[in-house]
Each structure stands twice: as structure tokens, then as C-alpha cells.
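Single-structure report; data block below.
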Amino acid sequence: MNRQKHDYIVVSFSGGKDSTAMLLRMIELGEHIDEVITCDTYKEFPAMYRHLATVKTVVESAGIKYTALRNEKSFDYMMLEYRPENPKGFFGKYQNLKGKSWATAKVRWCTKEMKIRIINGHLRELSEQYNIIQCVGIAADETARLERKGNREKNKRLPLAEWGWTESDCLKYCYEKGYDWEGLYEIYDRASCWCCPLQSLKSLRSLRTHFPELWEELKEMDAKTWRKFQVNYSVKDLEKRFQFEEERTRRNLPIRGKEFYSELKQRLSA
Ligand code: SF4
């Protein structure tokens, strides 16, 4: 006999400003939520872990189920140790290398393995019993994301877009409610994995300046793996570049232009 499935409202919560604003506002409006799900990559900023813990108490105090997911295999294991069961088919020319190494724009294994696969697995289990309605925190000004086919499916709800809340509205709302991520959003536009090789040089400079202990950890990770951190730079190269920039800034010299890059090239090849 075919049983009618009940709707089950799930809020996807990354801990970032947008999903935090969506979740807190939904609770404030008294909207029904069955479960909040979050997925830890193992590489969130320490302040983000503290933020997640704070919001978890708010969610649970509102009587809502809070599920913290994560891959049983850590980011470090996947990046540095993982060996596929069928190395030939899986890795092609990389079959003898250990671990998946740094992600690239084309091979974002970590987004898939540490987030998407884990979240989708949990949603699939829930959907055996329920008709899932997934609330996703995409702000009203994130036009490209809003237009993605996957975000327009009928089981997705986009509360921020419904309310017309932009990214800056979300941050403002969170600050007003007393959530400040210990200043993370004063430094970064987005607070994703601190070790992400896809982040900009500006953001890596900030990591080195504001989180020297994480920068040291990044150097250690890089020394243990086989793919270059970014196309043009290992983390060691970046350290040299940033030191060189500091030297030139002290001498009031530009950190761009032909002369800068030509001397940088010499230093990197020394
Ligand atoms: S933020 Fe970067 S390191 Fe983290 S999962 Fe996404 S691509 Fe990978």
C-alpha cells in the first residue's frame, strides 16, 4: 500500500552568515523546522566551530533536531592517505600517488567527499520516510546561484530570496543578534575552509597575518602532499612572496608591476 509521505522541513546550515540569518529568522518567525543539518569539513576556522556550537544550543532550545554530519574519514586522511580500491581506474596517471592532494578548480574532491555526498546521503535516508523540503540560505543578490537548476527544484525553499534579504542584510541581522564570528567577516567575505587552495592571494595573506598557527599548519600539509597548492605557488613560495611584499612595502616600493614580478621570479627559483 502506498503511504502518503509527510512534509519534513530541513534547514541546511553551514554556519556562514547567510544560512545563520535564515535559520535564526525562521526560528524568530516561529516557522516550523523539523531538523537542522550541518556538515563539518574538519577544516573550519576555530571561531566557526564556536559559532556552530552556540547556534546548536539555540536550535535545540527551540526543540528542533540538530544533526551534525561529517565524513568518518578526515580531510587530512582523504587528502594525504586515501588510496582508492581500484587505483588504476580512479586515479589514472596518478595511481601511485597517496591521497587526493589539494583540490583544483576542476577537481574539487573535498566539496564532493566532505560535504555533498555526506549531506545527500542523509537526505536520501530521510526521504525514504518523508517528503523533504530543504531550506537553503541563498541570498537575494546571489543571482547566479538562485538561477541554478538544482536550486529551483520544487523540494527546495529559498527563504532569504523570498524575503528579499541580500548578503549584507544577512550579516547585519546576525551582528544585531550578537553573532560576530569573532571578527571573521571583518577579514573574509566568505568563511569556508581555512586551507582552501582555491582562495585568493588576498585571503591567503589574511590567513598568514591573522591566523599564523593555521598558516604554519598549511605549510605542514603542503609539505606532505604531491600536488602544488596553487598553479603558480606552493605554500613555501607564497611565504617567500609575502615576505618579499613586506620587505618592499617597508621600502615604499610597489608590490605589483614588472620589476616586482621579475625579482619575485628570481627569488622563487633561487
Ligand atoms: S572550501 Fe575549498 S577546501 Fe573546503 S571543501 Fe570547498 S573547495 Fe574544498
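The values are calculated or read from the model by the stated rules, or taken from the named source; none is laboratory data. A quick note: this is a predicted structure, and the numbers were derived from the prediction, not measured. Virtual Cβ from ideal backbone geometry, glycine too; neighbours counted across all protein chains shown.
The conditions are (1) in a loop (DSSP other than H, G, I, E, B); (2) buried (at least 18 other Cβ atoms within 10 Å of the Cβ), and LEU204 fails exactly one of them. Which is it?
With respect to (1) in a loop (DSSP other than H, G, I, E, B); (2) buried (at least 18 other Cβ atoms within 10 Å of the Cβ), LEU204 is out only on (1).
Among GLU217, GLU239, GLU263, GLU247, which is farther than 20 Å from ALA105 by Cα and within 16 Å of the ligand (Cβ to nearest atom)?
Exactly one of GLU217, GLU239, GLU263, GLU247 is farther than 20 Å from ALA105 by Cα and within 16 Å of the ligand (Cβ to nearest atom), namely GLU217.
So which residues in segment 141-164 are assigned to a loop (DSSP other than H, G, I, E, B) and out of contact with any Asp or Glu (no Cβ under 8 Å at 6 or more places or on another chain), if there are any at all?
Those that are assigned to a loop (DSSP other than H, G, I, E, B) and out of contact with any Asp or Glu (no Cβ under 8 Å at 6 or more places or on another chain): ARG148, GLU153, LYS154, ASN155, LEU158, GLY164.
Filtering segment 177-190 down to residues that are surrounded by 18 or more Cβ atoms within 10 Å (Cβ to Cβ) and within 15 Å of the ligand (Cβ to nearest atom), which residue is nearest to THR54 (Cα to Cα)?
LEU184
Please find, within segment 207-229, the residue that is farthest from LEU52 (Cα to Cα) out of those that are surrounded by fewer than 20 Cβ atoms within 10 Å (Cβ to Cβ) and acidic (Asp, Glu).
GLU220
List the residue pairs whose Cβ atoms are under 7 Å apart, where the first residue sits in segment 94-113 and is without any contact (Cβ under 8 Å) to a residue 60 or more places away in the chain, the second is among the polar types (S, T, N, Q) and more than 10 Å from the ligand (Cβ to nearest atom), and the two are 6 or more positions apart or on different chains.
Short answer, once both residue conditions are applied: GLU113/ASN71.
When the residues of segment 1-25 are narrowed to those that are in contact with a His (Cβ under 8 Å, 6 or more places away or on another chain) and either away from the ligand (no atom under 15 Å from the Cβ) or of a type in the set (Asp, Glu) (or both), which ends up farthest from PRO197 (Cα to Cα)?
Per the criteria, the residue is ILE9.
Among the residues that make up segment 35-45, is at least one of them under 24 Å from the mean Cα position of the chain (by Cα), over 30 Å from PHE211 (Cβ atoms), of a type outside the set (A, V, I, L, M, F, W, C) and outside any helix (DSSP H, G or I)?
yes
Anything in segment 66-117 that is at pLDDT below 95, in a loop (DSSP other than H, G, I, E, B) and more than 16 Å from the ligand (Cβ to nearest atom)? List them, or say none.
ARG83, PRO84, GLU85, ASN86, GLN95, ASN96, LEU97, LYS98
Can you tell me which of (1) over 22 Å from ILE9 (Cβ atoms); (2) in the same structural domain as LYS106 (by TED's automatic domain parsing); (3) assigned to a loop (DSSP other than H, G, I, E, B) is the one CYS193 doesn't meet?
If we test CYS193 against (1) over 22 Å from ILE9 (Cβ atoms); (2) in the same structural domain as LYS106 (by TED's automatic domain parsing); (3) assigned to a loop (DSSP other than H, G, I, E, B), just (2) comes out false.
In the list CYS193, CYS174, CYS170, which residue meets the criterion of being within 19 Å of ALA105 (Cβ to Cβ) and surrounded by 14 or more Cβ atoms within 10 Å (Cβ to Cβ)?
CYS193
Scanning for something farther than 23 Å from PHE242 by Cβ, away from the ligand (no atom under 16 Å from the Cβ), at pLDDT below 95 and part of a loop (DSSP other than H, G, I, E, B), does segment 166-176 turn up at least one residue?
Within segment 166-176, not a single residue is farther than 23 Å from PHE242 by Cβ, away from the ligand (no atom under 16 Å from the Cβ), at pLDDT below 95 and part of a loop (DSSP other than H, G, I, E, B).
So which residues in segment 26-39 are within 15 Å of the ligand (Cβ to nearest atom) and either outside the structural domain of LYS73 (by TED's automatic domain parsing) or without any contact (Cβ under 8 Å) to a residue 60 or more places away in the chain (or both), if there are any at all?
Answer for segment 26-39, where residues must be within 15 Å of the ligand (Cβ to nearest atom) and either outside the structural domain of LYS73 (by TED's automatic domain parsing) or without any contact (Cβ under 8 Å) to a residue 60 or more places away in the chain (or both): just THR38.
Against the condition more than 16 Å from the ligand (Cβ to nearest atom) and closer than 20 Å to ARG25 by Cα, how does ALA144 come out, does it pass?
no
Based on this model, can you work out whether TYR173 counts as touching a Phe, Trp or Tyr at 6+ places or on another chain (Cβ under 8 Å), within 23 Å of ILE33 (Cβ to Cβ) and in contact (Cβ under 8 Å) with a residue 40 or more places away in the chain?
For TYR173, the condition - touching a Phe, Trp or Tyr at 6+ places or on another chain (Cβ under 8 Å), within 23 Å of ILE33 (Cβ to Cβ) and in contact (Cβ under 8 Å) with a residue 40 or more places away in the chain - is met.
For segment 250-260, how many residues meet the condition of being loosely packed, with under 13 Cβ neighbours inside 10 Å and within 25 Å of PRO197 (Cβ to Cβ)?
Total meeting the criteria: 1.
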